[in-house]
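What follows is a single structure, written as structure tokens, with notes after it.
The values are calculated or read from the model by the stated rules, or taken from the named source; none is laboratory data. From a predicted model like this one, the values you see are computed outputs, not experimental measurements. Glycine gets a Cβ as well: all are built from the backbone with ideal geometry, and neighbour counts include every protein chain shown.
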Amino acid sequence: MAAQSWNPFSCCVRGAAVDGDDHCESRRGNKGSPRSPLKNLSSSGTLSPEELSLTLSGSNLHAFTYAELRAATASFSRANYLGCGGFGPVYKGAVDDKLRPGLAAQPVAVKYLDLECGTQGHQEWLAEVFFLGQLRHKNLVKLIGYCYEDEHRMLVYEFMSGESLEKHLFKSINGSLPWMTRIKIAVGAAKGLAFLHDADPPVIYRDFKASNILLDSDYNTKLSDFGLAQDGPQGDETHVTTRVMGTHGYAAPEYIMTGHLTTKSDVYSFGVVLLELISGLRSVDRARRPREQNLVAWARPYLKCSDRLYKVMDPSLECQYSCKGAEAASLVTYKCLSQNPKSRPTMREVVKALEPVLSMEDFFHVGPFVFTVIVEEDKVVDMKVKVEEKHQNHQDRHRQRYPDSAIHAGIVLRGRDGFTTGYTGAQWRQQRSSSYHQEKGA
């Protein structure tokens, strides 16, 4: 059988990896120097490569040719294929000053637009070039250049070796993300959104979700995929009206209902991701019990009650988190997820509220604990809790009030015959899910 030729547009699963830069300034994007609104570009009709280059003059973006990027990726070889998303395939490549004077030698990620996406794909490509060509911040991906030649549309980013938050949080085989790492990610993402909202005119990200948050090897946060970004309201405008787009489970309710978009729409989406970081659960999961399938609807009532917060906290954290920090982060989440947009904080206020959580280290002294139940002739005859800590966490407070509860992580059952069984936090979460499916299938 003849070997099949390599089709770069086949088998699309999102896997881009890009990085941001270290400069917290926008080019034509701060309050003192307004940037060009995207609508000015859209209203001009079809834009030629020359006109786009003129529009982006001063942005320091490189306009690459198709031949240059083909060579940089070894002819878009299978070996350099990183993955694919709705935009198209992504390849690893390499550039240096031989390609462009002054261009540092570095690995890059090249996103290649699949033209079968139609005109919407081109518009999203154009939006990404436009916004990232004018904006620079350490928590935004850094766009190095683009290709706009005949039918070819490509974006060239700094290469990032890390993965998305989605993969670290929900698909990792290397264990659970530590609490402080989760808060660091949240603060970085909040700073990125705050920067966009403070631009002139403001930028509404519109597709804030775990898969669009990229992480480097030190878990520094970079917001990616600006294809759905929009200019925010200007002057006396209270909102912009757009076609409803985004991802189910993350979009703000008023945006879904009316198409009215504001910066507070991004705040709601941020609250969803922060809740995912706190709980370790996806925003929507049909595999969970019916009342828990929509994470926001199920978890929000618990977020402002410290004595019930243990129901939401990710069991895989094994109680290794700051209780004060968890309460502070949960309160921020609660406010971000308000049904009333005006009741939500600004992203600057979110950053101000979350940054102190990074210094809340009361959980570091928490030691292992064992909850022992002595069973004799199928009857519980004694229960003991051994906790090697001075500070009580949420689960321990609940355990003391309800010693017969079997919902906590780290439960160990011992009989007189020495029989022992138990669950870690991660195993308990898996057990809950599997038991539900068993009940459902019975």
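Condition first: touching a strand residue (DSSP E or B) at 6+ places or on another chain (Cβ under 6 Å), in a strand (DSSP E or B), among the hydrophobic types (A, V, I, L, M, F, W, C) and within 21 Å of residue 345 (Cβ to Cβ). Can you find one or more residues in the stretch 194-206 that meet it?
yes
Consider the stretch 350-365. How many of its residues are in a helix (DSSP H, G or I) and surrounded by fewer than 16 Cβ atoms within 10 Å (Cβ to Cβ)?
Final tally of qualifying residues: 8.
Do you know which residues across the stretch 260-293 are surrounded by 19 or more Cβ atoms within 10 Å (Cβ to Cβ) and among the β-branched types (Val, Ile, Thr)?
If the condition is that a residue be surrounded by 19 or more Cβ atoms within 10 Å (Cβ to Cβ) and among the β-branched types (Val, Ile, Thr), then 262, 263, 267, 272, 273, 278 are the ones that fit.
Could you tell me which of the residues 317, 337 is touching a residue at least 12 places away in the same chain (Cβ under 8 Å), touching a Ser or Thr at 6+ places or on another chain (Cβ under 7 Å), in the same structural domain as residue 180 (by TED's automatic domain parsing) and not aromatic (Phe, Trp, Tyr)?
Only one candidate qualifies: 317.
So which of 121, 192, 88, 175 is surrounded by 15 or more Cβ atoms within 10 Å (Cβ to Cβ), in the same structural domain as residue 215 (by TED's automatic domain parsing) and not acidic (Asp, Glu)?
From the options 121, 192, 88, 175, the qualifying one is 192.
Sort out which residues of the stretch 144-192 are farther than 25 Å from residue 322 by Cβ, β-branched (Val, Ile, Thr) and not in a loop (DSSP other than H, G, I, E, B), and write them in order of number.
Those that are farther than 25 Å from residue 322 by Cβ, β-branched (Val, Ile, Thr) and not in a loop (DSSP other than H, G, I, E, B): 144, 156.
Residues being among the β-branched types (Val, Ile, Thr) and under 15 Å from residue 334 (Cβ atoms): count how many of those fall in the stretch 241-281.
4
Pairs, please: C-beta under 9 Å, at least 6 apart or cross-chain, first residue touching a residue at least 60 places away in the same chain (Cβ under 8 Å) and in the stretch 61-74, second assigned to a helix (DSSP H, G or I) and surrounded by 14 or more Cβ atoms within 10 Å (Cβ to Cβ)?
61/53; 61/129; 61/132; 61/133; 63/52; 63/53; 64/72
Restricting the search to the stretch 241-259, which residues are more than 13 Å from residue 336 (Cα to Cα) and either in contact (Cβ under 8 Å) with a residue 60 or more places away in the chain or buried (at least 19 other Cβ atoms within 10 Å of the Cβ) (or both)?
Matches in the stretch 241-259: 246, 254, 255.
Criterion first (modelled with pLDDT of 95 or more, hydroxyl-bearing (Ser, Thr, Tyr), within 28 Å of residue 229 (Cβ to Cβ) and assigned by TED's automatic domain parsing to the domain that holds residue 254) does residue 268 satisfy it?
Yes: the conditions hold for residue 268.
Can we say residue 226 is touching a Phe, Trp or Tyr at 6+ places or on another chain (Cβ under 9 Å), under 17 Å from residue 137 (Cβ atoms) and either small (Gly, Ala, Ser) or at pLDDT 95 or above (or both)?
Here the answer is no, as residue 226 does not meet what is asked.
Does residue 47 satisfy being closer than 15 Å to residue 153 by Cα and either in a helix (DSSP H, G or I) or touching a Pro at 6+ places or on another chain (Cβ under 7 Å) (or both)?
no
Take the residues in the stretch 174-224 that are touching a residue at least 60 places away in the same chain (Cβ under 8 Å) and of a type in the set (Phe, Trp, Tyr), then tell me which one is nearest to residue 328 (Cα to Cα).
Filtering first and then ranking leaves 179.
Failed condition for residue 334, given (1) more than 20 Å from residue 180 (Cα to Cα); (2) crowded, with 18+ Cβ neighbours inside 10 Å, with all others met?
(1)
Can you tell me which residue is nearest to residue 325 (Cα to Cα) among those in the stretch 265-287 that are part of a loop (DSSP other than H, G, I, E, B) and in contact with a helix residue (DSSP H, G or I) (Cβ under 7 Å, 6 or more places away or on another chain)?
Of everything passing the filter in the stretch 265-287, 280 is nearest to residue 325 (Cα to Cα).
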